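Trainee: I'd like to ask some things about the structure below.
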Amino acid sequence: MNGHEPEPHDVPMTVLGAGLLWFGWFGFNAGSALTAGGLAASAFTVTNIAAAAATVTWVLASYAHNQKVSVVGAACGAVAGLVAITPASGFVTPGGALAIGLIAGALCYSATLLRARSHVDDALDVFAVHGIGGMFGAIATGVLASSTVQAAYSGLIDGHPQQVVTQAIAVVATIAYAVVGTFLIVKVVDAVLGIRVKPEAEDLGLDLSVHGEVAYQV
C-alpha cells in the first residue's frame, strides 16, 4: 500500500476500496454486539473516531517524512485505524479511540518504512498495517478498556493492570498460531502448485501470464 507507488488507474480503486472497508467496518464492529443498543452505538462511534484519527496522523507522518501527502496514504491510515480499534471497539471510550487512532496511524506508517528497508516481499504492507495495527490495538485494549463502556471489563487506566498481561498473552498466542499455520499452508501449497512464478512471468504481469487477460486498459 505504501511501499510501492500506485499506477494512476489504481488510485480510484484504492479509494473506493478504502471507503467500502470503512463503511463495512461499522457492521463488523458494531454488529459484534449482536443487538442494536448502547454498546453497538459505542462501537460504531469509536470505530469512526479511530479511523479518522489514524488517517490524520498517517498523512502528517508522510508529510514530515517526504513532504508529500497522498490519498492512497490517507486510505492506508484509515485502514490502520480500523484495524487497531477492532479489538477495543466494545471496551473503550471515544477518548480512548482517539488515542488508539492517533498512535496507530503513526506507528503503522513507521512500520511501512521499516518493511521497505528490510526488502521483505509484502507489496501491500499487510503486516505493517494489519499486523502491527492489530497487535497494538490488542495491547491498547488492555490499557484503555473502561468500565463506563462495559462494567465487567476494565483496563490499566481503571486500575486493572492484569488486563494488559492478558492481552499480551493473547497476542503472543495469536502470533504463534499464525506462524505455525502459515508455515504449514505454504509448505503444502509449494509442494502442490509452487508459490512463485518464473521471473519472466512477473515481468510480463501475472494477469497476462497466468490468467491470459489484461486487467487494465491503459
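The values are calculated or read from the model by the stated rules, or taken from the named source; none is laboratory data. Note that this is a predicted model, so its numbers are computed, not measured. Note: accessible area is taken over every heavy atom of the protein model, side chains too, but ligands, DNA and RNA are not part of it. Shrake-Rupley method; radii C 1.70, N 1.55, O 1.52, S 1.80 Å.
Trainee: Rounded to two decimals, what is Rg over Rh for the chain when you use alpha-carbon atoms and the Kirkwood radius?
Mentor: A ratio of 1.02.
Trainee: On a C-alpha basis, how far is the centre of region 114-142 from the centre of region 27-49 in Å? Whole number, if you could?
Mentor: 25 Å
Trainee: Let me ask something additional. Could you check how many percent of all C-alpha pairs in region 91-165 are farther apart than 13 Å?
Mentor: Tail of P(r) above 13 Å: 66 percent of Cα pairs.
Trainee: Moving on. With no solvent and one equal point scatterer per Cα, compute the Debye intensity ratio I(q)/I(0) for region 111-216 at 0.14, 0.20 Å⁻¹ and report its log10, rounded to two decimals.
Mentor: The Cα Debye sum returns log10 ratios of -0.79, -1.12.
Trainee: Classify region 1-102 from the C-alpha gyration tensor, please: rounded if a/c falls under 1.5, else prolate or oblate depending on whether a/b exceeds b/c.
Mentor: Taking the square roots of the gyration eigenvalues as a ≥ b ≥ c, region 1-102 is oblate.
Trainee: Can you sort Lys187, Lys68 by 1.4 Å-probe accessible area, starting with the largest?
Mentor: In descending accessible area the options line up as Lys68, Lys187.
Trainee: With a 1.4 Å probe and all protein chains in place, put Tyr63, Tyr216, Tyr109 in order of accessible area, largest first.
Mentor: In descending accessible area the options line up as Tyr63, Tyr216, Tyr109.
Trainee: Run the helix sum for the chain: -39,500 (n - 2.57) per DSSP H stretch of 4+ residues, divided by residue count, reported at 222 nm to the nearest 500 deg cm²/dmol.
Mentor: -22500 deg cm²/dmol
Trainee: Please calculate the 1.4 Å probe accessible area of Ile103, with all protein chains present, and give it to the nearest 10 Å².
Mentor: 80 Å²
Trainee: In Å², what does the accessible area per residue of the chain work out to with a 1.4 Å probe?
Mentor: Each residue of the chain exposes 58 Å² on average to a 1.4 Å probe.
Trainee: Follow-up. Carbon and sulfur together cover what percent of the accessible area of the chain at a 1.4 Å probe radius?
Mentor: Summing carbon and sulfur atoms, their accessible area is 69 percent of the total for the chain.
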